[in-house]
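Each value in this text was obtained by applying a stated rule to the coordinates, not by laboratory testing. These numbers come from a predicted model, not from an experiment. Here the Cβ is made from the backbone with ideal geometry for all residues, glycine too, and neighbour counts use every protein chain on show.
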Amino acid sequence: MNATWPAFLHWPAAIPRPAFLWPQFLWLLLLLPLLVLLYVWLQRRRRKLAVRYASLAVVRQALGKGPGWRRHVPPLLMLLALGALLLASARPVAVVALPSNQQTIILAMDVSGSMRATDVQPTRLEAAQAAAKTFLKELPRDVKVGIVAFAGSAQVAQLPTVNREDLVTAIDRFQLQRATATGNAIVISLATLFPNAGIELQQLSSDRMRGGMGRSLDQAPPKQNEFIPVPPGSYTSAAVIMLTDGQRTTGVDPLEAAKMAADRGVKVYTVGIGTVDGETIGFEGWSMRVRLDEETLKAIAHKTAAEYYYAGTAQDLNKVYQNLSSRLTLEKKETEVSALLALAGALLALLAAGLSMWWFNRVL
């Protein structure tokens, strides 16, 4: 389109380009000061014609008090209306929050033995369960949610569904187990999102036991469907939220699992709960030292173009889920707002005409 405009009408290269699809039309705004000058000239001409009356004082007394400042209001509103319409013709673009097309969310929740710790009241697990239930209530009803529980292994506790009662039941059935396999949780979450992609955790594990440690996860299962990697975070139809309180002790490398998610464009939001410096947990005669591996959780989120959140208390955890709820159901998009400006221009024009009819019995 630029080729159809004269060179002097192109936007100067030295000036930052504004957010308009057709910025050339902004030159039409130069008409506004010309209209102001024309209005001032007409007002002065009107005064010169008025002094021709020999008995001007008598005329004023007969007409009563003049319109005063009200005389200028309709033209001012019409000028603003014209300005809004001219801006609309340039097709302005703005970043606005719109409903997301997020259709499926996988909650991958840690159920390892360390989740019985009471540094997050009443326990880490109970706080996580309560926050997850609140999260489900705030999500739109048409968003599917799946539950993946992980400890030494990972399994689907509930396939993606819109039935919130089934999801709550799955969350209430959590049973604590030993070990923490954060990488397995990501792989199982991906297998749940892409059931026909051939992502099988058992195949990955057996390949590694046979010495395939140098092979990437995407290449490990021979029957996995071939795919073309996409930019991280570009898959907007689904996301994974992983909550954990410890570091990985077994299973697939979480960073390689994160690469699988990144290659498929799936964002993995990570939530760390508990003590960052570590804590010794005792249970039935045995004890273990648990430490929140924030570095790995941040790396997972960064690799998948998502974010990491730390929740040190139950209140923090609720705030994290509230933030995630709004982030996943609303997304900022660059959207053309010409219609809004055109509507504003039309309303201003109607207001100007209405006031002129009310005050002076004429349209401007």
Note: Trp22 to Arg164 extended length (0.36 nm per residue) minus current alpha-carbon separation gives 46.5 nm
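Can you tell me the length gained on complete extension of the stretch Ser326 to Ala339, counting 0.36 nm per residue apart and subtracting the Cα distance? Numbers along the way, then the final one.
On the way: separation 13, 0.36 × 13 = 4.68 nm, distance 2.59 nm.
Using 0.36 nm per residue and subtracting the Cα-Cα distance, I get 2.1 nm.
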What FRET efficiency comes out for the pair Thr236/Leu351, r = Cβ-Cβ distance, R0 = 30 Å, nearest 0.05?
0.15
Sort Tyr39, Tyr235, Tyr321 so the one with the fewest other Cβ atoms within 10 Å of its own Cβ comes first.
Tyr39, Tyr235, Tyr321
Label-point separation (nm) for Gln43 and Gln175, each offset 7 Å from Cα along Cα-to-Cβ?
8.4 nm
Least to most buried among His302, His72, by other C-beta atoms within 10 Å and fewest first, runs His72, His302
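Starting with the highest mean, order 187-195, 20-28 by the number of other Cβ atoms within 10 Å, averaged over the residues of each peptide.
187-195, 20-28
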One finds, for Leu35 and Ala305 with R0 = 51 angstrom and r their Cβ-Cβ distance, a FRET efficiency to the nearest 0.05 of 0.55
